[in-house]
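Beneath this line is the structure, given in structure tokens, with notes to follow.
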Amino acid sequence: MKLSNKTKVLEQGEMTFAERIYLPAIVGGMGTTLKHFFSKKVTIRYPEQKRYLGPVFRGHHILKRDEQGAERCTACGLCAVACPAEAISMVADERKKGEEHLYREEKYASVYEINMLRCIFCGLCEEACPKQAIYLQHDKMVPVFEDRSEVIFGKDKLVEKMDNRYLREGWK
Amino acid sequence: MEITSTLFTAKAIYVGVIFAITLGVAAYSTYFERIIAAFMQDRVGPDRAGPFGILQPLADAVKMFMKEDFIPSQSSKWLFIVAPCLSMLTALMTSAVVPFGDKLDLGGDVFLDLQGIDVNIGILWVFGIVSLGVYGILIGGWASNNKYSLLGAIRAASQNISYELAMGLSIIAILMLSGSLSTKTIVETQQNGHWNILYQPLGFVIFIVCAFAECNRTPFDLPECETELIGGYHTEYSSMKLGFYLFSEYINMFISGAVMATLYFGGYDYPGYEFVLDKFGMNIAALLGVGALIGKALIFVFIFMWVRWTLPRFRYDQLMGLGWTGLIPLSMFNVVLTGATMLFTVNGEGSNWMTVLLSWAGVAVMLVVTAFYSQSQYKKKKLATA
Ligand code: SF4
Ligand code: SF4
């Protein structure tokens, strides 16, 4: 039965003389490998060289601040609910007077932790957040941890630094 | 007395240096094998140990030493231990007769031959040692008390024996040309660019194919096989014993490169030798010669690797067919052809170029005749089947 016009019948007869002494084919093959020897490599020397992974890569989480530098997160817990790996936990607290420059909303997360060993970098927390507080950075990966005590990332590692703000491609 | 002791010390140093070079080259071959493999597959290769991974051989050695040194309970313990050592020993012994260079002038009329020993049966020594080498594999396979190891070892043994025949026959033509078995004499007859490759194109092709088979390199790496033999003759080996086997393969590669350079590519001869001799004296010229020989050997090592990462392997019956029905008749033809070309020049009549021309023409005629013959056979078969 003919399924397409692409079939090509190969006649596998006896080998010709040139094929039977192997050497021409071997030399041809060696030419091919030599070409690849000098061609551009597709792999890179990874930790020293890095590739741009695209604007939608989901890496290290960040808790954004607003333009005035106040934390956006209001500890609503939607991200924790959305998280399929149950990696997020937080403790909510009430904003005191005089802390308006620190926290944008009246309620804030005094503790916000992500267990990076559980996180599967699905990005659902980012989608769930009503305050545009949590993002997965496209250009920064979670550093390698060597001990179980290092796997829970608290606010010190998550909250955005003012001198190093996170901007995703396409944002103003 | 004074002279002998200087000579003795110098020789001892020379032997040590050659030993170190051989081991160093073998160690770095393992690294370059991976790099070359990677490059031919468009990768960058190992680069974690040191800059560009140049400490990889060290890391490998450490890994090998750290592994559990396991001896199967049902094996013949002593043979099991002796076998890899034998492999290593035979691999290293071959380099004794390879002339790495000309003489060194040590002052006071003392001249050091840059060769381990100049025995008058040099090339036979190489053959003897190489055929001993198969014992390392055979004993290892047998002592493991494992069917698969034994099968691998038997494959290795029969392969080596088959290809040694063709190899020996291809060398006979060289012996006819130089009239001596001594490697030194063979090199000396090739000085000033009279390299044997010019007179022996066919012999060289046969020799290099056999060298691949003797070193158990792809496309003839049948003693090792994961799909059929779980591993091959070294299935039961681990730790440094396995390391010895793997290492001896690389030593063999380097040494066979050196032997090929000696037999076919003028040994330590290089263009401009006379000039260097005039300008800088004997010692520099000789040392450059050592460099030339090692360079040629390294080119062969590269070719070994290049072929390995290009070709798939032969099937076992194809391997045997090639050895017995292909290479042996060819090398016999080569002996006849060499004899015929020598007939024309034996009285000093025809020039060297005449000989060169005749040798290549002979090969070409042989190829054309065989091609026509096989084509006619092919047509006949086609008619018969049609
Ligand atoms: S990326 Fe996914 S798994 Fe990770 S914290 Fe967010 S929701 Fe949970
Ligand atoms: S990060 Fe967003 S979703 Fe999570 S608690 Fe804060 S405001 Fe709510």
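The values are calculated or read from the model by the stated rules, or taken from the named source; none is laboratory data. Values in this document were obtained by computation on a predicted structure and should not be read as measured data. Heads up, the Cβs are rebuilt from the backbone with ideal geometry, glycines too, and the neighbour counts pull from every protein chain shown. Surface areas here come from the heavy atoms of the whole protein model, side chains and all, with no ligands, DNA or RNA. Shrake-Rupley method; radii C 1.70, N 1.55, O 1.52, S 1.80 Å.
Ordered by 1.4 Å accessible area with all protein chains kept, A:Leu78, B:Leu114 run largest first as A:Leu78, B:Leu114.
Taking the Cβ-Cβ separation of B:Val119 and B:Phe302 as r and a Förster radius of 41 Å, what is the calculated FRET efficiency to the nearest 0.05? After rounding, the FRET efficiency stands at 0.85.
At the listed q of 0.20 Å⁻¹, the Debye profile of the range A:14-101, built from one uniform point per Cα, gives log10 I(q)/I(0) equal to -1.09.
Taking the dipole about the Cα centre of the protein assembly as shown, with the C-beta of Lys and Arg at +1 and of Asp and Glu at -1, give me whichever of B:Leu330, A:Gly29, B:Ala297 is farthest to the positive side. The residue sitting most towards the positive pole is A:Gly29. Roughly what angle does helix A:23-38 make with the longest principal axis of chain A, taking Cα atoms, 0 to 90 degrees, to the nearest 10? Taking Cα atoms only, the helix is inclined about 20 degrees.
Normalised by 2.2 N^0.38 Å, with N the number of residues, the alpha-carbon radius of gyration of the range A:115-172 equals 1.23.
Let a ≥ b ≥ c be the square roots of the eigenvalues of the Cα gyration tensor of the range B:9-163; is it rounded (a/c under 1.5), or, if not, prolate (a/b larger than b/c) or oblate? Can you show the working numbers first?
Values: a/c = 1.98, a/b = 1.23, b/c = 1.61.
Here the range B:9-163 falls in the oblate category.
Taking every eigenvalue of the Cα gyration tensor of chain B, multiplying by 5 and rooting it, what semi-axes result, largest first, whole Å?
Details: eigenvalues 233, 210, 76 Å².
Ellipsoid semi-axes (Å, largest first): 34, 32, 19.
With the highest mean first, a sort of the peptides B:365-377, B:25-37 on other beta-carbon atoms found within 10 angstrom per residue produces B:25-37, B:365-377. Taking the Cβ-Cβ separation of A:Glu19 and A:Lys97 as r and a Förster radius of 56 Å, what is the calculated FRET efficiency to the nearest 0.05? Efficiency, rounded to the nearest 0.05: 0.05. Taking label points 7 Å from Cα along the Cα-to-Cβ direction, A:Ser89 and B:Ala384 give a separation of 8.3 nm. Apolar share of the accessible surface for the range A:61-158: 49 percent from carbon plus sulfur atoms, 1.4 Å probe. Only aspartates and glutamates eight or more places from A:Lys96 in sequence, or on another chain, were considered; those with a Cα closer than 20 Å are A:Asp66, A:Glu71, A:Glu105, A:Glu106.
So if the hydrodynamic radius of chain A is defined as the Kirkwood radius over C-alpha pairs, what does Stokes-Einstein give as its diffusion coefficient at 20 °C and 1.002 mPa s, in µm² per second?
Values: Rh = 20.8 Å.
Taking Rh from Cα pairs, D becomes 103 µm²/s.
Pairing chain A with chain B buries about 2300 Å² of accessible area. This figure sums both sides and uses a 1.4 Å probe. Once you've got the Cα coordinates, tell me which of A:Lys6/B:Lys379; B:Lys67/B:Lys147; A:Lys35/B:Lys296; A:Lys50/A:Lys107; B:Lys147/B:Lys381 are over 32 Å apart. The answer is A:Lys50/A:Lys107; B:Lys147/B:Lys381.
Here the Debye sum runs over all C-alpha atoms of the range B:35-82 as equal scatterers in vacuum, and log10 of I(q)/I(0) at q = 0.16, 0.24, 0.27, 0.32 Å⁻¹ comes out as -0.64, -0.86, -0.98, -1.08.
Looking at the range A:61-158, the accessible area is 57 square angstrom per residue; that uses a 1.4 Å probe and ignores ligands, DNA and RNA. Tell me, which residues of the range B:309-331 get at least 50 Å² less accessible area when the other protein chains come in, versus the chain alone (1.4 Å probe)? With the partner chains in place, the range B:309-331 has these residues losing at least 50 Å²: B:Thr310. Take each residue of peptide B:46-56, count the partner chain Cβ atoms within 10 Å of its Cβ, and average: the result is 1.
Given only helices, namely DSSP H runs of n ≥ 4 each adding -39500 (n - 2.57), what is the per-residue ellipticity at 222 nm of chain B, to the nearest 500 deg cm²/dmol? Please report the intermediate quantities before stating the final value.
Values: 15 runs with 269 residues, N = 386.
Computed ellipticity for chain B at 222 nm equals -23500 deg cm²/dmol.
Over the range B:20-106, with every protein chain in place, what whole percent of the accessible area is carbon and sulfur at 1.4 Å, could you tell me? Using a 1.4 Å probe with all protein chains present, the range B:20-106 comes out at 70 percent carbon and sulfur. Taking only the C-alpha atoms of the range B:198-351, Rg followed by Dmax gives 19.7, 61 Å. Straight-line reach from B:Lys279: which aspartates and glutamates have a Cα under 20 Å away, not including same-chain ones fewer than 8 places off? Once the sequence-local aspartates and glutamates are set aside, what remains near B:Lys279 is B:Asp102, B:Asp105, B:Asp269. Of the solvent-accessible surface of the range B:119-205, computed with a 1.4 Å probe and all protein chains present, 72% belongs to carbon and sulfur. With the simple spin-label model, which puts each label point 7 Å out from Cα in the Cβ direction, the B:Asp105 to B:Met320 separation comes to 5.9 nm.
The mean sequence separation of alpha-carbon pairs under 8 Å and at least six residues apart, normalised by the residue count of the range B:66-344, gives a relative contact order of 27 percent. By the combined test of axial Cα extent (at least 24 Å) and Kyte-Doolittle hydropathy (mean at least 1.6), the qualifying DSSP H helices of chain B come to B:77-93, B:122-143, B:282-308. I need the fraction of alpha carbon pairs in the range A:61-158 separated by more than 22 Å, rounded to a whole percent. Distances greater than 22 Å cover 26 percent of the Cα pairs. The accessible-area loss of the range A:1-39 on complex formation, taken against its chain alone with a 1.4 Å probe, reaches 30 Å² or more at A:Glu14, A:Phe17, A:Tyr22, A:Leu23, A:Ile26, A:Met30, A:Thr33, A:Leu34, A:His36, A:Phe37.
Extending 7 Å from the Cα toward the beta-carbon at both B:Val356 and B:Met240 defines two label points whose distance is 5.0 nm. Taking the square roots of five times each eigenvalue of the Cα gyration tensor of the protein assembly as shown, the equivalent ellipsoid has semi-axes of 63, 32, 25 Å, listed largest first.
In the range A:98-172, which GluC sites (Glu not before Pro) are in a loop and have at most 11 other Cβ atoms within 10 Å, using DSSP for the loop call? Sites meeting the loop and neighbour criteria: A:Glu106, A:Glu146, A:Glu169.
Calculated accessible area for chain B comes out at 47 Å² per residue, all protein chains present (probe 1.4 Å; ligands, DNA, RNA ignored).
Straight Cα distances below 19 angstrom link B:Lys11 to the lysines B:Lys103, B:Lys184, with same-chain residues fewer than 8 positions distant left out.
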